[in-house]
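*Asks:* One structure is given below, represented as structure tokens, and several questions about it will come after.
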Amino acid sequence: MSSELNRLTIAEASAKLHKREISALELTRSCLERITALEPRLNAFITVSEKEASEQAVEADRRIAAGNAPALCGIPLGIKDIYNTRGVRTTCASRILENFISPYDATAIAKLREDGAVFVGKANMDEFAMGSSTENSAFGPTKNPYDLERVSGGSSGGSAAAVAAHQCLGALGTDTGGSIREPASFCGVVGIKPTYSRVSRFGVIAYASSLDQVGPFTKTVRDAAIMLRTLAGVDRLDSTCSARPVPDYEKALSGDVKGLRIGVPKEYFIDGMAPEVESAVRAALKQYQSLGASVHEISLPHASYAIAAYYLIATAEASANLARYDGIRYGLRVDAEDHNALYDMTRAQGFGTEVKRRIMLGTFALSAGYYDAYYLKAQKVRTLIRRDFERAFESCDVTVTPVAPTTAFRIGEKMDDPLTMYLSDIFTISVNLAGLPGMSIPCGYDGNGLPIGMQLIGSPFSEETILRAGDAYERSGAFTRREPAI
Ligand code: GLN
């Protein structure tokens, strides 16, 4: 029995823990055993924290015994290696931070710690969250638990694969252009990117600060609501974080979508999309209609400019954010004759190819003479994209779209062609540009048995609505989860 505890959802495990039917220590051990068994093949983790996790679990059992412990007390979670985690190696999947031990906790980590959650390890990702497949990790790619020759998605691919393969009950990711939703879709789990500013980013290694957002991966929508309730809320350490009160997201899960108006953007059903992805999402829309929701077509006319705008804004911000890795303050230092050579050599050896490509692109987009033509223009396009959504949400409560045009692709398939790789995020990127909440939930499998996800997008701070809609679909029984082959 104890070897199967890792298969529980957070809600199930929490109920058993509080009834003292199981202990946090046995639950944690079953996850750690699963990690040991699968890691050589899956590569979902960069660092496994066996000792710390066991200590946290013992402490959680003490708290639960004392009564009144929070829902996440004793729940084993995976943490994307982009979160500063006190006393634990935090690499961002880069050689430049390979041996960096963080002296402090990100706010998201501090909040989970306060609730008594257990951290089993630091999950693999694309270097500095740049990518859609984890193939840009300095520690090698995370494999897809449904097919070890395929990618897990990215950049938070380790977190998604770890949850799908039951190495932990939930995980933290970050999403700048799709990095929670795309891997959630590829691995058949739930992933939510909250509204920009809903969750503090303090202590999350910055990629593109006007786009980055923190969010959870879970097996169910209910579990996502439970994690988000802990994560969301004001933080005096992050001035971009909203002071809006945090609703009890779990309470919003009424199971009822009668009268919900679903908009389906016509621009999101494009040529080149896998037919099985389209038919799975269309079938889910039918299911929503049978549950009493209405479905109508909407238009997001500037959707086709999203990728171009994103890759100017994201790279521009990244080029500034990554200037701090200079061999002086953090991480790797390659000694050289003078300071300039030290900077150059450290960055040349510390950063991978994709990170260098983006620093160069971003520096170019911001340079004198090009700023107006590229960066400023991209910001204007961003406003148009946001207005498209504002207009759309006058006539609908949520929009439903595919998450990605395909299911998980083969490892190596897109590595020689960055532009094709960038297209993986064609349906998710606009949501970050507009600052909206978006969630990926599983809705089917393709002919190879690979998971397909659908995306629910809401207006700012409408997390309750998209969680309610996702949960209602999940409960309706239209979709039955299949366990991964691994
Ligand atoms: N794949 C996109 C990129 O490479 C998004 C990554 C992310 O959301 N962190 O930038």
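*Asks:* In this structure, does Asp416 turn out to be out of contact with any Leu (no Cβ under 8 Å at 6 or more places or on another chain) and closer than 21 Å to Ser209 by Cα? Walk me through how you get there before you give the answer.
*Replies:* Details: out of contact with any Leu (no Cβ under 8 Å at 6 or more places or on another chain): yes; closer than 21 Å to Ser209 by Cα: no.
In short, no.
*Asks:* Can you pull out every residue in the stretch 306-332 that is surrounded by fewer than 17 Cβ atoms within 10 Å (Cβ to Cβ), of a type outside the set (Val, Ile, Thr) and in contact with a Leu (Cβ under 9 Å, 6 or more places away or on another chain)?
*Replies:* Within the stretch 306-332, Ala320, Tyr330 qualify.
*Asks:* Here's a follow-up. Can you pull out the residues in the stretch 84-104 that are closer than 17 Å to Asp126 by Cα, of a type in the set (Gly, Ala, Ser) and surrounded by fewer than 17 Cβ atoms within 10 Å (Cβ to Cβ)?
*Replies:* none
*Asks:* Condition check: touching an Asp or Glu at 6+ places or on another chain (Cβ under 6 Å), surrounded by 17 or more Cβ atoms within 10 Å (Cβ to Cβ) and either over 30 Å from Val277 (Cα atoms) or basic (Lys, Arg) (or both). Does Gly362 satisfy that?
*Replies:* Judged against the criteria, Gly362 is not a match.
*Asks:* Still on this structure, please answer the following. Filter the stretch 1-49 down to residues that are loosely packed, with under 14 Cβ neighbours inside 10 Å and in a helix (DSSP H, G or I), then give me how many there are.
*Replies:* Result for the stretch 1-49: 6.
*Asks:* If you don't mind, there's one more thing I want to ask. Examine the stretch 289-299 for a residue that is among the β-branched types (Val, Ile, Thr), at pLDDT 95 or above, within 18 Å of Ser210 (Cα to Cα) and in contact with a helix residue (DSSP H, G or I) (Cβ under 6 Å, 6 or more places away or on another chain), and state whether such a residue exists. Steps first, answer last, please.
*Replies:* So the first thing to find is which residues in the stretch 289-299 are among the β-branched types (Val, Ile, Thr), and the list is 295, 298.
In the following step, the residues that additionally are at pLDDT 95 or above were identified as 295, 298.
Okay, now just the ones that are also within 18 Å of Ser210 (Cα to Cα), so none.
Checking the stretch 289-299: not a single residue is among the β-branched types (Val, Ile, Thr), at pLDDT 95 or above, within 18 Å of Ser210 (Cα to Cα) and in contact with a helix residue (DSSP H, G or I) (Cβ under 6 Å, 6 or more places away or on another chain).
*Asks:* Across the stretch 117-157, what is the total count of residues that are on the phi < 0 side of the Ramachandran plot, away from the ligand (no atom under 13 Å from the Cβ), outside any strand (DSSP E or B) and not hydroxyl-bearing (Ser, Thr, Tyr)?
*Replies:* Within the stretch 117-157, residues that are on the phi < 0 side of the Ramachandran plot, away from the ligand (no atom under 13 Å from the Cβ), outside any strand (DSSP E or B) and not hydroxyl-bearing (Ser, Thr, Tyr) number 6.
*Asks:* Within the stretch 158-175, can you find the residues that are within 13 Å of the ligand (Cβ to nearest atom) and at positive phi?
*Replies:* If the condition is that a residue be within 13 Å of the ligand (Cβ to nearest atom) and at positive phi, then no residue fits.
*Asks:* Among the residues that make up the stretch 355-369, is at least one of them in a loop (DSSP other than H, G, I, E, B), within 12 Å of the ligand (Cβ to nearest atom) and over 19 Å from Glu463 (Cα atoms)? Working first, answer last.
*Replies:* Let us first name the residues in the stretch 355-369 that are in a loop (DSSP other than H, G, I, E, B), namely 367-369.
Checking which are within 12 Å of the ligand (Cβ to nearest atom) leaves us with none.
No.
*Asks:* Shifting gears a bit: Residue check, His296 against (1) surrounded by 17 or more Cβ atoms within 10 Å (Cβ to Cβ); (2) away from the ligand (no atom under 16 Å from the Cβ), all met but one. Which one?
*Replies:* With respect to (1) surrounded by 17 or more Cβ atoms within 10 Å (Cβ to Cβ); (2) away from the ligand (no atom under 16 Å from the Cβ), His296 is out only on (1).
*Asks:* Also, quick follow-up: State all residues of the stretch 332-376 that are closer than 25 Å to Leu419 by Cβ, among the hydrophobic types (A, V, I, L, M, F, W, C) and in contact (Cβ under 8 Å) with a residue 60 or more places away in the chain; if no residue qualifies, say none.
*Replies:* Phe351, Val355
*Asks:* Related question: In the stretch 370-386, which residues are part of a helix (DSSP H, G or I), at pLDDT below 95 and surrounded by fewer than 15 Cβ atoms within 10 Å (Cβ to Cβ)?
*Replies:* Correct list: Asp372, Ala373, Leu376.
*Asks:* Working carefully through the options Arg62, Arg113, find the one that is closer than 23 Å to Arg222 by Cβ and either buried (at least 24 other Cβ atoms within 10 Å of the Cβ) or modelled with pLDDT of 95 or more (or both).
*Replies:* After applying the criteria, what remains is Arg113.
*Asks:* Related question: Is there any pair with a first residue in the stretch 315-331 that is within 19 Å of Tyr374 (Cα to Cα) and a second that is aliphatic (A, V, I, L, M) whose Cβ atoms are under 6 Å apart and which are 6 or more apart or on different chains, and what are they?
*Replies:* Thr315/Leu361; Ala316/Ala365; Ala316/Leu366; Glu317/Ala208; Ala318/Ala208; Ser319/Ile359; Asn321/Ala206
*Asks:* Also, I was wondering about something else. Taking the stretch 187-233 as the search range and keeping residues that are within 12 Å of the ligand (Cβ to nearest atom) and outside any loop (DSSP other than H, G, I, E, B), which one is farthest from Asn84 (Cα to Cα)?
*Replies:* Step by step, filter the stretch 187-233, then rank; the result is Gly191.
*Asks:* I want to confirm something. Restricting to the stretch 455-486 and keeping residues that are assigned to a helix (DSSP H, G or I) and of a type in the set (Ser, Thr, Tyr), which single residue is surrounded by the fewest Cβ atoms within 10 Å (Cβ to Cβ)?
*Replies:* Top of the filtered list is Thr465.
The values are calculated or read from the model by the stated rules, or taken from the named source; none is laboratory data. All values derive from a computational prediction rather than experimental measurement. Counting neighbours? That spans all protein chains shown, and the Cβs are built from the backbone with ideal geometry, glycine included.
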